[in-house]
Every structure is written in structure tokens, then in C-alpha cells.
Amino acid sequence: MNDATRAHPFRHSDQDRKASHHIPDTAQTRSPAYRLAFDDGDFLCRDELRPIRLQLELLKPEMMMAEYGVESTVVLFGGARIPDPAHKDKARTKTLADLSKYYDEAREFARLMTLRAKKNGHREDVIVTGGGPGVMEAGNRGAADAGGVSIGLNIVLPHEQAPNEYVTPDLCFNFHYFAIRKMHFLMRAKALAAFPGGFGTLDELFECLTLIQTGRMEQIPILLFGRDFWKTIINWDALADAGTISAEDLNLFRFVDTAQEAVDHIDNWENAGEKRAEIPGR
């Protein structure tokens, strides 16, 4: 809510919050008990207040994206360690250096989708990433290349991390709870592109696949960038052959290697029908 949408005549809470910072200094006013409850960080961080913090993390990005006009997003997941090809000589391993090509593909994919978003006033197909380095940076950077906006859903980590410089400042959010952050990734998702990554990427991808598989989320195009990477780290056929998933579950995603291929799949997703995802070896 902002001043334009207030419909009550009462004194604004922010007025009292500011006034409470300029009061006489006494033993009483110095006591934590005297702080306004909603302006008391120590109080809000108590274990008993966890439900309130969960609600706040859900509400703040939701309200700010709605006020900005964002209606649908295209989600990019991928590894924070995958370098810009210009710096691949500094990669920790040869494999990471080789995977740097997907930085460029993520950047190009985001650029192509953002060109569409610009046509609808940045309401639909807005790029959203985790806001960090690697593939996330590439996604936000591609949106900036197209002269558009993009969302970054950062999270507080012990060893990281400032948001990358390409996230639109008004759409750059910070989270404490992974679960709420993942909800925001999918709440407006119109398509999802997963690039090579680690535990975080796998966690985010499989949560989305599980929600769709179980009917808890509508089906959206899911593109896995890097056939060789994905078929090496996961034996998709083994899951189906063992019966732990249905063969039809392999229709939930497509393998792609280029940005244009991903865009083409998104455009033709509804016409894919019963065509099975391409699984090498079948």
C-alpha cells in the first residue's frame, strides 16, 4: 500500500515510527519494551515471530512486483560458478570453463525474451533470476542488453553475496527463507530455463517438476540447457524404467543447447502434444 491507496483517516504508522526515534532519553524509553513492535528488529527476529517473517517475505516482493506491473515471468536457474567466457581462464575447473558457453546462451535467451517483454510494457515474460553471479548474472545482463527490466531474487548466504549489477534496482529483492524465495520464482512463471548448476539449481528444478507432476502447478515449458550435462548427471531413463516416475513424466521438459532452440520450444510447447522429451539412448 502507498499513500495514494490509503483509505483511512488515521495517523500513518510511519509517522509514529519516525517520531519514536526522537523522544526524550530516559530509562523507560531506552528499554526494549518501549519500542514500537513493528519497529523492533530484536522482537521481529524472535522464534515466535517466524510466521510473521514468512508472511512479510511473501508479501513484500508480491506487492512491489504487482505495483511495478509484472504479471508473468520467465525463470532462469543455473550455476553461480559458471563464468563469463571472457574470464573462463579463471574458472576453478576445466569443466566450468567449458560450460562458460552457457553464460552466453543464458544472456542471449534473456535478451530474446526481454525484447518480447518490452512490447507489452514489461508486464509479461519478465526475466527473473536468483540475482547472483554466473548464469544468474547472464540472465539479468541479457535483459539489460535488450534495454529491458529484470528481477533478482537474492538470498542472504554466509559467504556471499551482493546482487549482480544488471538486476533492475526496483525489482531486486533479498530473502532469508529459501522456501518463500522459491515460491516467488514460480508464482508468476510462464516458462523455466535451467542451465548447468549445482545443488541449488537441482533443488529449484526438481521442486518445479514435482509440483507439475503432482498437479500442484499448471504445466509450463521447462527447458534444460545442455543435453550432455543433464544426461550425464541424471539418468532420466533409469527413473522411468524403475517405475519411480512414469514414462510420461519425461514429457515435462525438453533438452536444448541454444537460446533460439529454447524460444522455439516455448512458442510450440502447446503443439508438442504427446511427443516425448528427447532422451539419448531411446
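Any read-out appearing in this document is the output of simple, stated calculations on the displayed coordinates, not a laboratory observation. Predicted model, so just to flag it, every value in this text is computed and none were measured. Note: ideal-geometry Cβ built from the backbone for every residue, glycine included; neighbour counts use all protein chains shown.
In the range 88-145, Rg over Rh equals 1.08, where Rg is the alpha-carbon radius of gyration and Rh the Kirkwood radius from pairwise Cα distances.
3J(HN,Hα) along the range 9-17, derived from phi through the Karplus expression 6.51 cos²θ - 1.76 cosθ + 1.60 where θ = phi - 60°, amounts to x, 7, 4, 5, 4, 5, 4, 5, 4 Hz, with x in place of Gly and Pro. Put the Cα centre of the range 153-221 next to the Cα centre of the range 120-150 and the gap is 13 Å. In the chain, the calculated helix contribution to ellipticity at 222 nm averages -12000 deg cm²/dmol per residue, counting -39,500 (n - 2.57) for every DSSP H run with n ≥ 4. Quick check: net charge around Glu165, other residues with Cβ under 9 Å of its Cβ, Lys/Arg +1 and Asp/Glu -1? After counting each charged neighbour, the total is 0. Which listed residue (Gly152, Thr26, Trp236) has the Cα farthest towards the positive end of the charge dipole for the chain, taking +1 on Lys and Arg C-beta and -1 on Asp and Glu C-beta about the Cα centre? Among Gly152, Thr26, Trp236, the one farthest towards the positive end of the dipole of the chain is Thr26.
Couplings for the range 59-73, taken from phi via the Karplus curve 6.51 cos²θ - 1.76 cosθ + 1.60 with θ = phi - 60°, read 6, 4, x, 4, 5, 6, 5, 5, 5, 6, x, 6, 10, 8, 10 Hz in order; Gly and Pro are left as x. Summarising the amide proton neighbourhood of Asn164: residues at separation of 5 or more, or on other chains, whose placed amide H is nearer than 5 Å comprise Gly132.
Mean separation of Cα pairs under 8 Å and 6 or more residues apart, divided by the residue count, gives the chain a relative contact order of 16 percent.
In terms of Cα atoms, the Rg and Dmax of the range 59-271 work out to 16.3, 47 Å. Annotation: amide H of Ile155 within the under-5 Å range of Phe175, sequence separation 5 or more or interchain, hydrogens built in the peptide plane. Think of the chain as a dipole: +1 on every Lys or Arg Cβ, -1 on every Asp or Glu Cβ, centred on the Cα centre; then among Leu58, Met217, Ala97, Leu58 lies furthest on the positive end. Using the Cα coordinates of the range 1-102, the gyration tensor eigenvalues translate into equivalent-ellipsoid semi-axes of 45, 22, 13 Å, sorted from longest to shortest.
For the range 95-183, what class follows from the C-alpha gyration tensor (a ≥ b ≥ c being the square roots of its eigenvalues): rounded when a/c is under 1.5, otherwise prolate if a/b is larger than b/c, else oblate? Judged from the Cα gyration tensor, the range 95-183 comes out oblate (a/c at least 1.5, b/c at or above a/b).
Backbone geometry of the range 90-106 corresponds, through the Karplus equation with coefficients 6.51, -1.76 and 1.60 at θ = phi - 60°, to 3J(HN,Hα) couplings of 9, 4, 5, 9, 5, 4, 4, 4, 5, 6, 4, 4, 6, 4, 5, 5, 5 Hz, x marking Gly and Pro.
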